[in-house]
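Visitor: Attaching a single structure in structure tokens format; questions to follow.
The values are calculated or read from the model by the stated rules, or taken from the named source; none is laboratory data. Keep in mind that this is a model prediction, so the values were computed, not measured. All Cβ positions, even for glycine, are placed from backbone atoms using ideal geometry, and neighbour counts span all protein chains on display. With ligands, DNA and RNA removed, areas are computed over all heavy atoms of the protein, side chains included. Shrake-Rupley method; radii C 1.70, N 1.55, O 1.52, S 1.80 Å.
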There are 4 protein chains.
Amino acid sequence: MASSRRRFLTTMGAAAGGVAGLGRGADAWMAPTVSESPIPDTFSSSALLEARLRGELPAAGAGTSALQQDPRMPSAEEVASWYTDRRNWGRWGDNDQKGAVNLITPEKSAAAARLVQTGRRVSMSRIFEPEQHFMRKSSREGGSGAVVDYYGFIYHGQTITHIDALCHMWDSDGMWQGRDPDVEITTQGATFGTIDAWSDGIVTRGVLLDVPRHRGVDHVTPGNPVHGWELADIADAQGVELEPGDALLVYSGKDPYVRGGGDYGGGDRPGLSVTCAKFIRDHDVSLLGWDMMDARPDPYGLPYPVHGVLFNYGVALLDNALLEPLAEACAEEGRYEFMFMGLPLKVARGTGSPANPIAMF
Amino acid sequence: MASSRRRFLTTMGAAAGGVAGLGRGADAWMAPTVSESPIPDTFSSSALLEARLRGELPAAGAGTSALQQDPRMPSAEEVASWYTDRRNWGRWGDNDQKGAVNLITPEKSAAAARLVQTGRRVSMSRIFEPEQHFMRKSSREGGSGAVVDYYGFIYHGQTITHIDALCHMWDSDGMWQGRDPDVEITTQGATFGTIDAWSDGIVTRGVLLDVPRHRGVDHVTPGNPVHGWELADIADAQGVELEPGDALLVYSGKDPYVRGGGDYGGGDRPGLSVTCAKFIRDHDVSLLGWDMMDARPDPYGLPYPVHGVLFNYGVALLDNALLEPLAEACAEEGRYEFMFMGLPLKVARGTGSPANPIAMF
Amino acid sequence: MASSRRRFLTTMGAAAGGVAGLGRGADAWMAPTVSESPIPDTFSSSALLEARLRGELPAAGAGTSALQQDPRMPSAEEVASWYTDRRNWGRWGDNDQKGAVNLITPEKSAAAARLVQTGRRVSMSRIFEPEQHFMRKSSREGGSGAVVDYYGFIYHGQTITHIDALCHMWDSDGMWQGRDPDVEITTQGATFGTIDAWSDGIVTRGVLLDVPRHRGVDHVTPGNPVHGWELADIADAQGVELEPGDALLVYSGKDPYVRGGGDYGGGDRPGLSVTCAKFIRDHDVSLLGWDMMDARPDPYGLPYPVHGVLFNYGVALLDNALLEPLAEACAEEGRYEFMFMGLPLKVARGTGSPANPIAMF
Amino acid sequence: MASSRRRFLTTMGAAAGGVAGLGRGADAWMAPTVSESPIPDTFSSSALLEARLRGELPAAGAGTSALQQDPRMPSAEEVASWYTDRRNWGRWGDNDQKGAVNLITPEKSAAAARLVQTGRRVSMSRIFEPEQHFMRKSSREGGSGAVVDYYGFIYHGQTITHIDALCHMWDSDGMWQGRDPDVEITTQGATFGTIDAWSDGIVTRGVLLDVPRHRGVDHVTPGNPVHGWELADIADAQGVELEPGDALLVYSGKDPYVRGGGDYGGGDRPGLSVTCAKFIRDHDVSLLGWDMMDARPDPYGLPYPVHGVLFNYGVALLDNALLEPLAEACAEEGRYEFMFMGLPLKVARGTGSPANPIAMF
């Protein structure tokens, strides 16, 4: 069942629209757009690379911001290559829907359990207030009774802590495994890369990297995104080493940022740079959890700079996590590794699940 | 904030209606009833006991069924006393909302993690198909895009695997801690005994008791309910001992029963007898998980024979669990204890949560 | 089935809380409040009158605002008497649920049809965007197909044009007919005064009164509410006379007000004064349609100054109507009477219905 | 914005799949199908005609059933020609979204009002019980309060009386005006042929044709569908003549049929034959209301034999109407014409609306 989307570089056209689109920020991904018509495949890492080869993109480092002049900033070719050359499509079989969660073997889970010492547990979930929450009470003769409630919600977005399934996003090269979203996403649900692929739970070693603490600030700031090499530095400083199958939690201080008046929405915002994607792939992380998301704007014009680990690498995304209490607990415990338990609901055809992941020390 | 419901025996009236009501099955608890008006407090363990003392109830053993003539069957006084004399109200403070989950100390959770050997994981959740499941797709210029979905559902009932919060049920003596449901249950949500009391997760030792295997049958049958003394026998036979804070999973074979044509609904049905409540209290279980529920009819006329552990003992209920795969795994592993992970969503004012609990060996 | 709420003055206590409450604005009626516990019956027209008789209320005209010094402003006793002395409870039988819509006899409807001349039709509904609107598409072999959609919404409030059923509101004297909301409003729906009482449609003579045009302004302004005597003046000026059973549409210019930057929410706002209630009762109006609602603050401290016609007089309320196009059409046609068609959905146990009422000239 | 779907006969391929498909009933139109992928355009009136011309279809009358041997039964070519040759696409302009409702001019509406004599009103709506119906009550200090409710539902199907918008269905030639459903139907709503095209209301002359009364039976029976020539006979017998823009209500006795144990679902069922489509087009009906729907099976294998008037002729469909009370009223009044009022909600991007249409005599 090979998808027509699976085209990679060889079939990638170099339409002008794609290049023009490269300057566009990733702001609108949650905004409903009216058109769902087929669009030329020109907006992806492949397209980025093509454009770069044609000399249509400025070299990295040519930007005006100090940050972009950082010599560690990769060229557009390098960035594109992280996704196009290093995709995990096919790595666990062409029809695999688990992605990097395959790296969490029983042995890996068992090893995570052996990390437990004190049994201290910390939730990574924000308070969950379903947009539709209604009560129905039944009184029985004699004074006994029961109450049930109705929950209705779209959990994607920045309100509810949730886990994204691999089918949640795509670029012009396709969904996870190169599948075609026009085929796999129906109004009756998704047919590939759904959340129930992980219904045995994501139970693995968790590692938290505390960016603000390492920087000596309260939170990551706009214009100064978290970089992959910085994650490496923080791991070193914290004395932890990432291992294949780990759940990586990147704490950026979103709550202090918002408490301090910062706006964290669909526009420009602090967060992680695309260079984190390389770090994630280099270490074969199975799940990325974060409070801040992709930094905006992305200088390379990718639609989903770090979100791209979802469909390119098959990495589970724990979105909108509450990480401040966990960062505090790590500091108190003097440990940045713990047992990570993320148990998505077993939703048929679902693109993700609200979740209440727990770290246990 | 003491509740007017907290009356116990001293204030219990002996209305005829209550006694008449004793013969009524618990069938209708999920059925919406039109009236929500206050009703005289006459239908509870207290009422049962009062009636018994007045000689208005037949002695246990006087029933016509063979089962009721079992000499191990307790008298109505004994049954009533299990709830009225042994309630956990106030045990962890008058305002406590965690109930028996308090017994899961950090040490208890850590000990559960030490049970892990192979890392084999088994889900206890059925496939979850939200009654309202809708998709919204956003295509972006250039061919990338994302999809979000809407889940709407009432999770209580027999379709969705879920955890009941302590506020989910009550009898005429009140909710957990004796609180008044007319005060605590509002159309904007519940204000006491809500699911977020357990938002740090229910992570403890799990013990599965496999009733059909012990009986040498496929499933529990109507008219032959699981009894508390049988649970004790099974534990002995399986070589496990229940400890305070354990999650007790009682496998009755609901799936084989239904596959064989059995009806498992709101009418008469196989399941657990009220004598299991005593077993649960005797062993200070923190969570009861089951596939079959209270057997019906209940010879003592209690509205919620075993469900009553929820509001009387503060025991969490994992309702409508899928236990057949876990029973098979236990048999294969030759172990009936494991690490139990139940992570209810952190729903504000909620009466429970859908859940995907995982057992890890 | 007489309600315990039906107490009127004789049983009305004079609790301090009630009097203190009189100064409170009606701001919060749509805001969810946590408590649903029984509250002493002290806040109503009856209570207002009681308080006045005890000398606890300032006489009307003693206020500081120019408007309140208008000699036409009634005393608190007068205002209270409009509701307490002139309620329509029992007027059409004790169990009647149609209220003033009873005044729309077949003859009245037929006479409304005879008003039609040109056949010009004007909608009084705003665009309706259900908060939950989801699509489900089914493609069939061969290229044919169909699409269905899901609508989910709370229609009360200021977004959706809707008709309020008589059960939608109450004061401390009770709902329509003096029924008790604690009895009639259940979490499974309402059991009295529901919208299906009007399922044969509200088809009657409609009369629009155009307040801004009469005042020579774009819209009613804060602090200068529409008064009952002004409605009488406008009717005279427009050459129309209200008759029993008419649908009265009061155009206040909400849309021009909002376009000009005015805030129309839950706080202080322009609209209709309680004196309009007397006009409505004097003319035996069957339905009140409006774009602006009760003016706030209400100097008499009533919770629902004009909304009170709903439960006191049994008058249907067409809430959040779009009246600007109708006002324009009336001016163009030189006629302020027309055939009014309001066809609420036949919702069982519902407290109202979204609606698209049409005026035909 | 011409659609790629608008191909008509010239571009119609003659794939074998389409012919094979002709024997398939229309059973599944409401059933969700997983695939939404593009399918060859081979299943439509055009395809039917093409196949017939190639001799791939049996001539009408060659069937085994007595009914098909009726000499009045048209050939497949004739049936196909009713839709392909007589479509109303473009008749009111290429971008028109009102369809045959355009025939309801102001004069037509005014004339309908002049039909009113007694003012007797009859609802055509069944009781509407939204699948999600929840209450939210707000109590205010002092004892007053209000309640709002939430309605959530899919109104298409056979439970709720509703009006279908022109975008609700299509065949392989496309939607209304030949538009492409893959373009116009998005997960954010429909972009053409939506229900708000009729937001000024459908107010016109209504004519009821009472099939059971004419046949001298309680209801139409399986295997004996209503035919177009029968509708003509009934109109004659009832002394009414259909005129352009009329709302045609065809009463088939669904309620007596169901009360008598008849199954009215997605399988074979009594109802209207495709020959009614010709009658509808011949008389330029603007709205078709019915209690029974397309008879099944359809001997010509069309996916939507009579439903096809929606996208081919632009005729509004009042689906699942309650017509028994109206048929009784017509008989009592001795009149089969009346003022018809159908006021769909003004739903943005909606494919239809629940409705409570009223007939007034």
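Visitor: Return the average number of partner chain Cβ atoms within 10 angstrom of each residue Cβ along peptide A:334-345.
Guide: Per residue, the number of nearby Cβ atoms from other chains is 4 on average.
Visitor: What is the local net charge at B:G334, summed over the other residues whose Cβ is closer than 15 Å to its Cβ (Lys, Arg +1; Asp, Glu -1)? Intermediate values should be presented prior to the final figure.
Guide: Numbers: positive: B:R120, B:R213, B:R335; negative: B:D210, B:E328, B:E332, B:E333, B:E337.
Neighbour charge sum, excluding B:G334 itself: -2.
Visitor: Using a label position 7 Å from Cα in the Cα→Cβ direction, what is the ascending list of nm distances from C:Q158 to the same site in the other copies?
Guide: C:Q158 label point versus its equivalents elsewhere: 2.6, 4.5, 4.9 nm.
Visitor: Just read off the accessible area of D:D298 with the full protein assembly in place, 1.4 Å probe, to the nearest 10 Å².
Guide: So the heavy atoms of D:D298 present about 30 Å² to solvent.
Visitor: Ignoring ligands, DNA and RNA and using a 1.4 Å probe, state the total buried accessible area between D and C in Å², rounded to the nearest 100. Don't jump to the answer; show the numbers that get you there.
Guide: On the way: alone 16340 and 16360 Å², together 24570 Å².
Between D and C, the summed buried area is about 8100 Å².
Visitor: What's the magnitude of the charge dipole for segment C:161-211 around its Cα centre, counting Lys and Arg as +1 and Asp and Glu as -1 at the beta-carbon? Answer in Debye, nearest 20. Before the final figure, lay out the partial values.
Guide: Working: 2 positive and 9 negative charges, 38 e Å.
That gives a dipole near 180 debye.
Visitor: In nm, to one decimal, how far is the modelled label at D:D284 from the one at B:Q158, with both set 7 Å along Cα→Cβ?
Guide: Result for the modelled spin labels: 5.9 nm.
Visitor: Averaged across C:189-196, how many Cβ atoms of other chains sit within 10 Å of each residue's Cβ atom?
Guide: Details: counts 9, 3, 3, 0, 0, 0, 3, 5.
Mean partner shielding for this stretch: 3.
Visitor: How many angstrom lie between the Cα centre of segment C:126-191 and the Cα centre of segment B:92-118?
Guide: That distance is 44 Å.
Visitor: Follow-up. Work out the FRET efficiency for A:E77 and C:E131 from their Cβ-Cβ distance, taking R0 = 60 Å, and round it to the nearest 0.05. Don't skip to the end; give the middle numbers.
Guide: Working: r = 46 Å, r/R0 = 0.77.
E between A:E77 and C:E131, to the nearest 0.05, is 0.85.
Visitor: Also: Determine ³J(HN,Hα), in whole Hz, for all residues of segment C:171-184 in sequence, where each value follows from phi through the Karplus function 6.51 cos²θ - 1.76 cosθ + 1.60 and θ = phi - 60°; x replaces Gly and Pro.
Guide: Result, ordered by residue: 10, 5, 7, x, 7, 3, 6, x, 5, 8, x, 5, 8, 7 Hz.
Visitor: Continuing with the same structure: Using modelled backbone amide H atoms (1.01 Å from N, in-plane), which distant-in-sequence or interchain residues come within less than 5 Å of A:V226's amide H?
Guide: Long-range HN contacts for A:V226: A:G271, A:L272, A:S273.
Visitor: Taking a label point 7 Å from Cα toward Cβ, how far is A:D218 from its twins in the other copies, in nm, shortest first?
Guide: Copy-to-copy label distances for A:D218: 4.2, 6.5, 7.7 nm.
Visitor: Here is a follow-up. Please get the size of the charge dipole for segment D:68-178, origin at its Cα centre, with Cβ charges of +1 on Lys and Arg and -1 on Asp and Glu, quoted in debye to the nearest 20.
Guide: Details: 13 positive and 14 negative charges, 156 e Å.
I would put it at about 740 debye.
Visitor: Further, regarding this structure: Under the Karplus relation 6.51 cos²θ - 1.76 cosθ + 1.60, θ = phi - 60°, what is the ordered set of whole-Hz ³J(HN,Hα) values for segment C:89-100, x standing for Gly and Pro?
Guide: Computed from phi, the couplings for segment C:89-100 are 4, x, 4, 10, x, 5, 9, 5, 10, 8, x, 5 Hz.
Visitor: Ok, one more. Short version: ³J(HN,Hα) in whole Hz for each residue of segment A:129-146, in order, from phi by Karplus 6.51 cos²θ - 1.76 cosθ + 1.60 (θ = phi - 60°), x for Gly and Pro, what are they?
Guide: Karplus-based 3J(HN,Hα) across segment A:129-146 equals 10, x, 4, 10, 9, 10, 10, 9, 10, 10, 9, 10, 3, x, x, 8, x, 8 Hz.
Visitor: Right, something else. Return the average number of partner chain Cβ atoms within 10 angstrom of each residue Cβ along peptide C:197-209.
Guide: Partner-chain Cβ atoms within 10 Å, mean over residues of C:197-209: 3.
Visitor: About the Cα centre of segment A:249-358, how large is the charge dipole given +1 on each Lys and Arg Cβ and -1 on each Asp and Glu Cβ? Please answer in debye to the nearest 20.
Guide: Values: 9 positive and 14 negative charges, 84 e Å.
Computed about the Cα centre, the dipole is about 400 debye.
Visitor: Scan around C:R126 for amide H atoms under 5 Å from its own, H built in the peptide plane at 1.01 Å from N, and keep only partners 5 or more places away or cross-chain.
Guide: Here C:T161, C:L322 satisfy the definition.
Visitor: While we're looking at this one, here's another question. Can you find, among C:I234, C:P299, C:F279, the residue sitting farthest towards the positive end of the charge dipole of segment C:216-300, where Lys and Arg contribute +1 and Asp and Glu -1 at Cβ?
Guide: Of the options given, the answer is C:P299.
Visitor: Which value in nm describes the separation of the simple spin-label points at A:D85 and B:N95, placed 7 Å from the Cα toward the beta carbon?
Guide: Distance between label points: 6.1 nm.
Visitor: Continuing with the same structure: From the label point of D:E107, set 7 Å from Cα along Cα→Cβ, how far away are the matching label points in the other copies, in nm, ordered shortest to longest?
Guide: 3.4, 8.8, 9.4
Visitor: Taking a threshold of 29 Å on the Cα-Cα distance, which of the pairs C:K137/C:K254; C:K137/C:K346; A:K108/B:K346; A:K108/B:K278; C:K108/D:K346; C:K278/D:K346 fall above it? Intermediate results must be reported in sequence, preceding the final value.
Guide: Numbers: C:K137/C:K254 39 Å; C:K137/C:K346 27 Å; A:K108/B:K346 27 Å; A:K108/B:K278 39 Å; C:K108/D:K346 27 Å; C:K278/D:K346 33 Å.
In this structure, C:K137/C:K254; A:K108/B:K278; C:K278/D:K346 lie more than 29 Å apart at Cα.
Visitor: Further question on the same structure: Using a 1.4 angstrom probe on the protein heavy atoms only, line up A:V183, D:V240 by accessible area, largest first. Walk me through the intermediate numbers first.
Guide: Working: A:V183 65, D:V240 15 Å².
Of A:V183, D:V240, the descending order of accessible area is A:V183, D:V240.
Visitor: For segment A:223-289, what value does the Rg/Rh ratio take when both radii are computed over Cα atoms and Rh is the Kirkwood radius, given to two decimals? It would help to have the intermediate numbers written out before the result.
Guide: Values: Rg = 13.0 Å, Rh = 13.0 Å.
Rg divided by Rh gives 1.00.
Visitor: May I pose another question? As I understand it, the dipole of segment B:127-266 uses +1 on the Cβ of Lys and Arg and -1 on the Cβ of Asp and Glu, about the Cα centre. Which of B:Y264, B:T204, B:S138 lies farthest toward its positive end?
Guide: Checked the options; the winner is B:S138.
Visitor: Hey, another quick one. How do the peptides D:73-81, A:284-292, D:281-289 rank, highest first, by the average count of neighbouring beta carbon atoms within 10 Å per residue? Write down the numbers at each step before the final one.
Guide: Working: D:73-81: 19.7, A:284-292: 26.1, D:281-289: 23.2.
For the peptides D:73-81, A:284-292, D:281-289, the packing ranking is A:284-292, D:281-289, D:73-81.
Visitor: Same structure, new question: Under a 5 Å amide H to amide H cut-off, with H placed in plane at 1.01 Å, what residues pair with C:W170 once short-range neighbours are removed?
Guide: The list, which skips near neighbours in sequence, is D:G145.
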